[in-house]
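In what follows, a single structure is set out as C-alpha cells and then discussed.
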Amino acid sequence: MMSFKAFMLHSLTLAAISAYVYAQIAPGSNAYLPPTKNGYDYSEPNTPFKPSPPGRPAPGPRPPAPPGTPRNIPGQPADDHVHVPGMPYDFEYAVQDPETANDYAHKASSDGDVVTGEYRVQMPDGRTQIVRYTADWKTGYHADVTYEGEAQFPQGPQPGARGGGGGGAGGYKY
C-alpha cells in the first residue's frame, strides 16, 4: 500500500502536469504564440501601394506660398474653418485628505464655445497653486496662475514623521 507522503507527491505531480498540458492547449491561455506572417490578423493587400497620381504633389516639404497668400498659423483655425459649438457642461470635484496630504479641486463650465474653470493643487511646500483659465476654439487656452500661502521648507526629520513624501506627509499609504 502507498504511504500518505507518496500519495500526495504523486497527486501534486499529476496536477502540475495536467495544468501544464491544459495551459498549452486551452483557448485564450497566456501561452505565447508566434505572430502571423505580417504581424497582424488580416490578409495582405492584393495591390501594392501606388504612387501619387500625376498633377498631385507627393508627400514631403511644400514649396513656399506665393506672396499675399493667407497662411494658416499652427494652433489657429484656418480661414475656411466652420465652427460647430460643443455640448454645454458644468462639473466640480474636490479631494481633501489630510492624512495623505492630498488637497486638490477642479471646477469648469462651458457654454459650448468657451470653457472657463479653475483648479487648485496643494504644493509640497505648503502653498496652494490656483489656475484660473479660459479656452475657446479661436484663441486657445489662457491661464492665470497664482499662489496662496507662503512656502515652508522644514529642515531635517520632523517629530513623528514616517519619512519620505513631500510637504511633511510622511509618504504614501496603501
Residues of region 89-103 satisfying the condition of being of a type outside the set (Gly, Ala, Ser) and in contact with a Gly (Cβ under 8 Å, 6 or more places away or on another chain): none
Spans of strands (runs of 3 or more DSSP E) in region 92-173 with at least 1 residues modelled with pLDDT of 90 or more, acidic (Asp, Glu) and open to solvent by less than 40 Å² (accessible area, probe 1.4 Å): 114-122
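The values are calculated or read from the model by the stated rules, or taken from the named source; none is laboratory data. Every value quoted in this text rests on a predicted model; they were computed, and no experiment measured them. Neighbour counts run over all protein chains shown; Cβ positions are idealised from the backbone, glycine included. Accessible surface areas use protein heavy atoms only, side chains included; no ligands, DNA or RNA. Shrake-Rupley method; radii C 1.70, N 1.55, O 1.52, S 1.80 Å.
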